[in-house]
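Taking it in order: structure first as structure tokens, then the write-up.
The values are calculated or read from the model by the stated rules, or taken from the named source; none is laboratory data. Since the structure is predicted, the reported quantities are computational estimates derived from the model, not experimental observations. Note that each Cβ is placed from the backbone with ideal geometry, even for glycine, and that neighbours are counted across all protein chains shown. Surface areas here come from the heavy atoms of the whole protein model, side chains and all, with no ligands, DNA or RNA. Shrake-Rupley method; radii C 1.70, N 1.55, O 1.52, S 1.80 Å.
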Amino acid sequence: MVLGHHRRTVVPLKGATIGFFLFKRFATFVATLLVASLVVFAVLDLLPGNAAEVMLGESATPEAVDALARQLGLDRPAWQRYLGWIGGMATLDVGNSYSYNTPITELVAERVVVTVPLALMAMALTTVIALVLGLYAASRHNRLGDVGVMAASQVGIAIPNFWFAILLVLVFAVQLPWFPAGGFAGWTEEEGGGFWDGLHSLVLPAVSLAVVQAAILTRITRSAVLDVLREDFVRTARAKGLSQRAVLWRHVLRNALVPVLTVMGLQFATLVTGTIVAEQVFSLPGLGRLIFQAISNRDVVLVQNIVMLLAATVIVINFVVDVLYAVIDPRLKLHAA
């Protein structure tokens, strides 16, 4: 070895280093939650006038505004209100909705059982479609199949969700009455439905949400697979006589999953927080519809808590993706001189 020549080597992270990586991600997660809560609280606190005036409207009497302000605790200093709100979220007691006169946690719990399964169904459809089409397009690079998939994905990205949702209703609920045009049957017989009835009610909304996300993820999967297909170990696997399908599914896909998984985490967060349009079109009693109604009713307190819940959901999902990244790809690297 020639003196003075520095060779950069790449070594896997040791257990302690991986632990430090996860600790940094957790610290970032906590800090992001804190900043998000400060921003959400400040937006409400900086409203012109105060929340009581916004909720009651311009025609409210000063006495009614003062009474509601005391009920909401707006007569206390901002720091006390913020700490009280944070403590309430930690104990799942954030007060009552002004417009529904019901505990906010109960309202959210009733709607989460619609929004979360809807997002999970849409994510499952997105994943299956994207992995199959992405692998198919990559395996036929620059051929007719590849061009067709890329063209279809471009169309999928360009289609507005609400327009596609309306089209699905016209075709599969009006002309072909295979699915309900709207509403939610419920998960239990007491609610008037059952598990399969509830699932049936969510099929069209899930498809409308999945189309754009599947189109995006298909293109990313294709690019990641093409990068892996150029690696030496793929040529070695082919030289050993493995079929094209075996190489793609056993070797290539696993190594291409890291960038795909990152995007999937972001997409799931988008699906959870982006259900407002689908729930409006299909009249689903989920979180998206609840926040829309809360805005219409000027229920600022309810809006504040739902927005914080959605922001926390995005932050938690991103943290989970970071953890999975470390688990799936142990080749997190250190560069040594």
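What the table below lists for this structure:
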| item | result |
| --- | --- |
| Every residue from region 132-149 that is modelled with pLDDT under 90, over 22 Å from the mean Cα position of the chain (by Cα) and open to solvent by less than 60 Å² (accessible area, probe 1.4 Å) | LEU135, ALA137, ALA138, SER139, GLY145, ASP146, VAL149 |
| Every pair of residues 6+ apart whose Cβ atoms lie under 7 Å, when the first sits in region 144-166 and is in contact (Cβ under 8 Å) with a residue 24 or more places away in the chain while the second is surrounded by fewer than 17 Cβ atoms within 10 Å (Cβ to Cβ) and not in a helix (DSSP H, G or I) | ASP146/ARG140 |
| Breaking point among (1) more than 30 Å from LEU34 (Cβ to Cβ); (2) touching a Phe, Trp or Tyr at 6+ places or on another chain (Cβ under 6 Å), for TYR82 | (1) |
| Unique residue being in a helix (DSSP H, G or I) and at pLDDT below 80 when the list is VAL258, VAL320 | VAL258 |
| Number of the exception - ALA278 against (1) open to solvent by 50 Å² or more (accessible area, probe 1.4 Å); (2) more than 25 Å from VAL323 (Cβ to Cβ); (3) of a type outside the set (Val, Ile, Thr) | (1) |
| Check on ARG81, at negative phi, charged (D, E, K, R) and surrounded by 15 or more Cβ atoms within 10 Å (Cβ to Cβ) | yes |
| Leading residue by the ranking (surrounded by the fewest Cβ atoms within 10 Å (Cβ to Cβ)) among those in region 10-60 that are at pLDDT 75 or above and basic (Lys, Arg) | LYS24 |
| Check on VAL203, over 21 Å from the mean Cα position of the chain (by Cα), open to solvent by less than 70 Å² (accessible area, probe 1.4 Å) and either hydrophobic (A, V, I, L, M, F, W, C) or modelled with pLDDT under 85 (or both) | no |
| Residue match in region 73-94 (condition: among the acidic types (Asp, Glu), at pLDDT 75 or above and in a helix (DSSP H, G or I)) | no |
| Residue match in region 257-274 (condition: out of contact with any helix residue (DSSP H, G or I) (no Cβ under 8 Å at 6 or more places or on another chain) and of a type in the set (Ser, Thr, Tyr)) | no |
| Cβ pairs under 8 Å, 6+ apart, first in region 276-291 and free of Cβ contacts under 8 Å to residues at least 12 places away in the same chain and farther than 11 Å from GLY183 by Cβ, second of a type outside the set (Phe, Trp, Tyr) and crowded, with 23+ Cβ neighbours inside 10 Å | none |
| Evaluation of LEU167 against (1) at pLDDT below 85; (2) among the hydrophobic types (A, V, I, L, M, F, W, C); (3) open to solvent by 60 Å² or more (accessible area, probe 1.4 Å) (one fails), failing number | (1) |
| Residues within region 216-237 that are aliphatic (A, V, I, L, M), modelled with pLDDT of 85 or more and open to solvent by less than 10 Å² (accessible area, probe 1.4 Å), tallied | 1 |
| Helices (runs of 4 or more DSSP H) wholly inside region 121-240 that include at least 1 residues being charged (D, E, K, R) and touching a Gly at 6+ places or on another chain (Cβ under 7 Å) | 195-229 |
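For (1) out of contact with any helix residue (DSSP H, G or I) (no Cβ under 6 Å at 6 or more places or on another chain); (2) in contact (Cβ under 8 Å) with a residue 60 or more places away in the chain; (3) within 30 Å of THR221 (Cα to Cα); (4) surrounded by fewer than 21 Cβ atoms within 10 Å (Cβ to Cβ), each residue gets a yes or a no:
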position	(1), (2), (3), (4)
ILE86	yes, no, no, yes
ALA90	yes, no, no, yes
SER97	no, yes, no, no
PRO103	yes, no, no, yes
ALA109	yes, no, no, yes
VAL116	yes, yes, yes, yes
ALA122	no, yes, yes, no
THR127	yes, yes, yes, yes
ALA130	no, yes, yes, no
